[in-house]
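Report on one structure; see the data block that follows.
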Amino acid sequence: MTTAPGAARPGMLTMEQLRVAIAEGEIDTVVLAFTDMQGRLQGKRLAAEFFLEEVAEHYSEGCNYLLAVDVDMNTVDGYAMSSWERGYGDFVLVPDMGTLRRVPWHAATAMVIADLTWLDGAPVVASPRQILAAQTARLAERGLVALAGTELEFVVYRDSYEQAAAKEYRHLTPANQYNVDYSILGTSRIEPLLRRIRLGMAGAGLYVESAKGECNLGQHEIAFRYAEAVATCDNHSIYKTGAKEIAAQEGMSITFMAKPNAREGNSCHIHLSVRGAVGGAAVMAGDGAYGLSKLGEHFLAGQLAAMRELTLCYAPNINSYKRYVPGSFAPTSVRWGPDNRTCALRLVGHGHSLRVENRTPGGDVNPYLAVAAMIAAGLHGVDHELPLEPPVTGNAYADTTAKVPHTLRDALDLWQKSELARQAFGAEVVEHYANYARVELTAYDAAVTDWELRRCFERL
């Protein structure tokens, strides 16, 4: 399955180019990586010669607990595919050579994204990339292809990651001391870091569009050109890891957590459109209201109908739900509107550029799961010819009739009860990610927070 934009992009490599670069001493390390449940790149660094001789046309192996641990890499109970009872064996990392690229922010390094299979070649169905691939395959059966773009916000601190940890992540110094949303002056204060990230990503085959300031102190966004859905999610994962690595090299830190403080959270608005696989026809666009075709109406109606029960794919962590505050530009109402940023779903563009923007995900989202959920929801609307409700043209925060789930516990309950999720993803995937949520809830319920200490230590 080749999903990357292709070797024509600067920084992308063919096998022959890799062989030459290795022979000439330009590359001595190849990172073989996949994205885990938490949206992180996991894998190993391989000696380039070994990669060519043993891995490129075959595979490498890794412990299957990598899809069955919590965010601290602790082994936890409840996963059918990986446990002490099953011996914590290996699964297989099969390189997708269409994703081979340079990694400019590390010396003499290339990277390739892997698909996960079992030793017998069967896919690891709970792997995020495999979950998305299954949904894009459903589109392909209908002669359709999904194009996606992710807008990932982050907050930059002058403290290094080590300094931030030593301070217990309190009293950190943001890179900007005031709201720099669209400010050229404000963003210039941190342009050396932003430029390093932009150039690094361009050198790794990503198509950089722009960078801009955002509302929270030290908050910024770098935007990339849309691409085929799996390629976009590959790029998202590489960018998120790379931005952190580059910041660390500069003695700074970046967080993508959904709500790092009481101010504006980090969003990850996801833009999605569907086109004809042959010829690229804009099948969502038509002569209906708001420029939609019947398919476009059904696809958007499916997003609305499935939003609440699939929210776990958009907001996977405890902290994710702290974003959903009225008037914060994070949605609280499951409604849609043309170019309306108060809605969970914003219709943007026209003709070939017509697309739906899902404003529910935060910066902590796993992009593969979110885009897979959007495709599954859209196909649900198309297959059942769901009618599209009227849009919200005013303030959607005033609508309290259909709200985004309030907590991870609420989202878990809706996910477990969702017949749509089981039909689209299968019971194994539903149970796997339900356990992910249960693990996080159990850990959170056991924690004593700073908020509790401040309120209770002396006064109660």
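Given the conditions (1) in contact (Cβ under 8 Å) with a residue 40 or more places away in the chain; (2) open to solvent by less than 50 Å² (accessible area, probe 1.4 Å); (3) over 24 Å from the mean Cα position of the chain (by Cα), and given that Thr187 satisfies all but one, which numbered condition is not satisfied?
Of everything listed in (1) in contact (Cβ under 8 Å) with a residue 40 or more places away in the chain; (2) open to solvent by less than 50 Å² (accessible area, probe 1.4 Å); (3) over 24 Å from the mean Cα position of the chain (by Cα), Thr187 misses just condition (1).
Enumerate the pairs (first residue in region 353-373 and in contact (Cβ under 8 Å) with a residue 60 or more places away in the chain; second residue anywhere and open to solvent by 10 Å² or more (accessible area, probe 1.4 Å) and among the aromatic types (Phe, Trp, Tyr)) with beta-carbon separation below 8 Å, excluding pairs fewer than 6 apart on the same chain, so at least 6 apart or on different chains.
Final answer for the pair search is Arg359/Phe329; Leu369/Tyr433; Ala372/Phe425.
In region 209-249, how many are open to solvent by less than 40 Å² (accessible area, probe 1.4 Å), charged (D, E, K, R) and in a loop (DSSP other than H, G, I, E, B)?
So the answer is 1.
Kindly indicate whether Leu147 is touching a strand residue (DSSP E or B) at 6+ places or on another chain (Cβ under 7 Å) and either closer than 29 Å to Val274 by Cβ or modelled with pLDDT under 95 (or both).
Yes, satisfied.
Could you check region 276-361 for strands (runs of 3 or more DSSP E) lying wholly inside it with 2 or more residues that are open to solvent by 20 Å² or more (accessible area, probe 1.4 Å), closer than 21 Å to Ala402 by Cα and modelled with pLDDT of 95 or more?
Once the strands (runs of 3 or more DSSP E) in region 276-361 are filtered for at least 2 residues that are open to solvent by 20 Å² or more (accessible area, probe 1.4 Å), closer than 21 Å to Ala402 by Cα and modelled with pLDDT of 95 or more, nothing remains.
Could you list, in sequence order, all residues of region 76-107 that are among the aliphatic types (A, V, I, L, M) and touching a strand residue (DSSP E or B) at 6+ places or on another chain (Cβ under 6 Å)?
Val92, Leu93, Val94, Leu100, Val103
Go through (1) in contact (Cβ under 8 Å) with a residue 12 or more places away in the chain; (2) farther than 24 Å from Tyr324 by Cα for Glu458 and report which single condition fails.
The one condition Glu458 does not meet is (1).
Let's see how each residue does on (1) surrounded by 20 or more Cβ atoms within 10 Å (Cβ to Cβ); (2) in contact with a Gly (Cβ under 8 Å, 6 or more places away or on another chain); (3) β-branched (Val, Ile, Thr):
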| position | (1), (2), (3) |
| --- | --- |
| Arg19 | no, no, no |
| Glu26 | no, no, no |
| Val30 | yes, no, yes |
| Arg40 | no, no, no |
| Lys44 | no, yes, no |
| Thr75 | no, no, yes |
| Ala80 | no, no, no |
| Arg86 | no, no, no |
| His106 | no, no, no |
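Among the residues of region 374-388, is there at least one that is within 19 Å of Ala229 (Cα to Cα), open to solvent by less than 10 Å² (accessible area, probe 1.4 Å) and assigned to a loop (DSSP other than H, G, I, E, B)?
no
Condition first: surrounded by 16 or more Cβ atoms within 10 Å (Cβ to Cβ), in contact (Cβ under 8 Å) with a residue 12 or more places away in the chain and part of a loop (DSSP other than H, G, I, E, B). Can you find one or more residues in region 196-205 that meet it?
The answer is yes; a qualifying residue exists.
If you check Ala306, Ala344, which single one turns out to be under 20 Å from the mean Cα position of the chain (by Cα), in contact (Cβ under 8 Å) with a residue 40 or more places away in the chain and over 25 Å from Met257 (Cβ atoms)?
Exactly one of Ala306, Ala344 is under 20 Å from the mean Cα position of the chain (by Cα), in contact (Cβ under 8 Å) with a residue 40 or more places away in the chain and over 25 Å from Met257 (Cβ atoms), namely Ala306.
Among (1) open to solvent by less than 80 Å² (accessible area, probe 1.4 Å); (2) touching a Gly at 6+ places or on another chain (Cβ under 9 Å), there is one condition Thr393 misses while meeting the rest; what is its number?
It is condition (1) that Thr393 fails.
Hey, could you check region 411-449 for residues that are in contact (Cβ under 8 Å) with a residue 60 or more places away in the chain and open to solvent by 70 Å² or more (accessible area, probe 1.4 Å) and say which is nearest to Ser333 (Cα to Cα)?
Lys417
With of a type outside the set (D, E, K, R), out of contact with any helix residue (DSSP H, G or I) (no Cβ under 7 Å at 6 or more places or on another chain) and open to solvent by less than 20 Å² (accessible area, probe 1.4 Å) as the only criterion, which of Ala175, Ala140, Ala134 stands out? If you could, list the steps in order and put the result at the bottom.
Details: Ala140 fails: open to solvent by less than 20 Å² (accessible area, probe 1.4 Å); Ala134 fails: open to solvent by less than 20 Å² (accessible area, probe 1.4 Å).
Only one candidate qualifies: Ala175.
Could you grab me the full set of residues in region 389-413 that are in contact with a Cys (Cβ under 8 Å, 6 or more places away or on another chain) and not in a loop (DSSP other than H, G, I, E, B)?
If the condition is that a residue be in contact with a Cys (Cβ under 8 Å, 6 or more places away or on another chain) and not in a loop (DSSP other than H, G, I, E, B), then Ala396 is the only one that fits.
The values are calculated or read from the model by the stated rules, or taken from the named source; none is laboratory data. Nothing here was measured: the structure is a model prediction, and the numbers come from that model. All Cβ positions, glycine included, derive from the backbone under ideal geometry; neighbour counts span all protein chains shown. Surface accessibility is based on the protein's heavy atoms, side chains included, excluding ligands, DNA and RNA. Shrake-Rupley method; radii C 1.70, N 1.55, O 1.52, S 1.80 Å.
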